[in-house]
Amino acid sequence: MFHSIRARIAVPYVVLTLITIAGLSAYTQSRFRATYLAQLEDRLAAEGAALAGAVVTQGPLSAEFLNPLAVTYGGFLDARVTFIGLDGAVLGDSHQDYRTMPSHLLRPEIQEALREGLGRSVRHSDTLDLRMLYVAVPVRAALSVAPDSAIAVVRVAVPISEVDAELARLRGVTLAAALVAVAVALVTAVVVANRTTKPIRQLERLAERFAAGDLGARLWPATQDEVARLTGAFNGMAAQLRQQMDTLAVEQGRMGAVLDHMADGALILDNEGNVSLANPAATRLLEIGRQSPIGRSFVQVARHHQLVDLWQQCRDWGGEQSATIEFGGKTFLQGIVTPLAPGQQRSGYLVILQDLTHIRRLETVRRDFISNISHELRTPLASLKALVETLRDGALDDPPAAERFLDLVETEVDTLAQMVQELLELSRIESGQVPLQLAAATAEALLLDPVERLRPQAERSGLHLECALPPGLPAVWADANRVQQVVTNLVHNAIKFTPPNGRVTCGAQQEGQAVVFWVKDTGVGISAKDLARVFERFYKADRARSGGGTGLGLAISRHIIDAHGGRIWAVSAEGKGSTFHFSLPVAPANPAMSG
Ligand code: ADP
């Protein structure tokens, strides 16, 4: 009933008005009735006294005398007049046949009149079927006032239905006034309630807009009351909320950027082990593919028992758990699982995945490098030692043999010197200490010069060496000396690994914004297993182990081409020859612009 402020204001208004009017009308009616009856009583008492006096002086107290008198005076006074003897017998009545009337001795007003000199009573008259006011006065013997000197009683009565009618009218008026007052109270209450609740309703709408996310909404209070202060507080709250949301959004943005760009994979799991956040690195490292991991279980997303075990250990024992995990023999991940709020049971988990593959590979390369270099050095050193021992053991006494041994010693020393030289160069190139002297260079200059230098060697090996360039090839942007070094290496390899009567061909062609050079032979070819590794340092296919190369040539070539922003690759099938390609960017139209 009091669910709205309007009702809370209106109901007390109406109730208060009704109580006031009801109280006022009850009081007025009772006063009115009392006053009216008192006046009427006084009138009847005076008339009764006058009648009593008249009766004593005018005749005997017999029915014959009194009854006509009662009728006459009843007419005069517009009242019912009754004479009653001391024994209660009715001696005359203005409105009824006195002979049929019973004894009136026990009527209260008669008793009271005889006792106290004046009696009154209000009651229903069976004779007239009306509510009547009876006033009785004793008729005393002439000149006597003693209480017991009564000789008869005269009673005057009038109906009081008039009073009742008057009171009913009064009640009607009061009721009408009450209705008007209630209506006025209601209207006033509605107006007051509306004025009071209008700013509250506006506040309600403001709060709804806040809830819908419109924190820029504001309300300017038109008054100075409590609601205005509340509105002010609302505005302040929204401003603060907005500021906090902005800060939060900035924080979230930063966090998102960090997560998106960090190399480590990061996943957040809820208590049940469902993924609630995964950054791009995690998606990549776990090879999740296009399907979003969010909402899926970690078991499905990780698809690796070791990783799942790690999470379960963290869940069961609490505290950070980490382990190195191998994925299919090629990817190595360091997995770290930690509870998000340590010490609090079941608060979710953070999974960090660090990619160790590269470090592992570097470790392997370093290990291989050391073992290769020791291996490569061991062979020439061992031959040198053997040669020196042979010389010491007497070969020196045989000058022609000694000469031959010294030649062999020189070859081994040259090999060692070349290896050291190439290693130095490689390390300088790798550490970026050899700046490229870039300039526009023609394909002829890059390809034909080194080829011509190697032609005698090819002919000695009984090979057919041929180069052809299409007309109109654009110049490339390159360090000519370095690129010639690459070409020399490739052609030299081709000659080295092609048996007599084979062919070595080379050429170049434009492909988009690059010129692709190639050196092709009909030699021994490279197995698929070796092909993937020929550009590594010291890598030599088994067959070439005895060939005297260092295995560094292609590694150096790759570094040089990489430094030009180009690409080098090989296509080969074992026994069917190999083709080595490398690409170089076309020289810019205005070289000055490229620095
Ligand atoms: P090397 O000094 O041994 O030639 P490279 O780095 O130039 O060193 O070559 C590495 C290895 O690649 C060689 O040992 C050889 O096994 C293989 N290779 C390179 N070029 C050819 C080719 N044209 N045909 C066959 N195998 C080749």
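The values are calculated or read from the model by the stated rules, or taken from the named source; none is laboratory data. The structure displayed is predicted, hence computed values, not measured ones. Cβ atoms come from the backbone with ideal geometry, glycine included; neighbour counts cover every protein chain shown. When the accessible area is computed, the model is the full protein with side chains, heavy atoms only, and any ligands, DNA or RNA have been set aside. Shrake-Rupley method; radii C 1.70, N 1.55, O 1.52, S 1.80 Å.
Observations on the structure shown:
- For the chain, the solvent-accessible area works out to 56 Å² per residue, with a probe of 1.4 Å and every protein chain left in place.
- For the chain, the fraction of 1.4 Å probe accessible surface lying on carbon and sulfur atoms is 58 percent.
- Pairs of Cα atoms in the range 361-430 fall into 10 Å distance bins, from 0 up to the last occupied one, in shares of 19, 37, 25, 14, 6, 0 percent.
- Per-q log10 I(q)/I(0), the range 5-168, q = 0.16 Å⁻¹ (Debye; single scatterer per alpha-carbon; no solvent): -0.86
- Under-5 Å amide H pairs with residue 463, H placed in peptide plane, nonlocal only: 501
- Relative to the longest principal axis of the Cα atoms of the chain, helix 357-392 runs at roughly 10 degrees.
- Label-reachable residues, the range 161-178, where backbone N falls under 16 Å from a point 7 Å from residue 129's Cα toward its Cβ: 161
- Normalised by the number of residues in the range 262-355, the average gap of Cα pairs under 8 Å and 6 or more apart makes the relative contact order 31 percent.
- Equivalent ellipsoid of the range 1-99: semi-axes from √(5λ) of the C-alpha gyration tensor, largest first, are 56, 13, 10 Å.
- Relative counts (whole %) of C-alpha pair distances in the range 252-326, using bins that are 5 Å wide: 3, 15, 24, 27, 19, 9, 2
- Cross-link pairs beyond the 25 Å C-alpha cut-off, checked among 385/496; 330/496; 520/540; 330/529: 385/496; 330/496
- Taken as Cα centroids, the range 1-26 and the range 44-71 sit 58 Å apart, rounded to the nearest whole angstrom.
- Helix 305-317 axis versus longest C-alpha principal axis of the chain: approximately 40°, rounded to the nearest ten.
- Mean separation of Cα contacts under 8 Å (6+ apart) over length of the chain, as relative contact order %: 7 percent
- Using a Förster distance of 25 Å, the FRET efficiency for residue 16-residue 201 (Cβ separation, nearest 0.05): 0.45
- Over all pairs of different C-alpha atoms in the chain, the reciprocal of the mean inverse distance, the Kirkwood hydrodynamic radius, equals 38.8 Å.
- For residue 133, the residues 5 or more places off, or on other chains, whose built amide H falls under 5 Å of its own are 158, 160.
- Here the label points at residue 258 and residue 312, each 7 Å from Cα along the C-beta direction, are separated by 3.2 nm in the simple model.
- Pairs of C-alpha atoms in the range 70-160 farther apart than 20 Å represent 29 percent of all such pairs.
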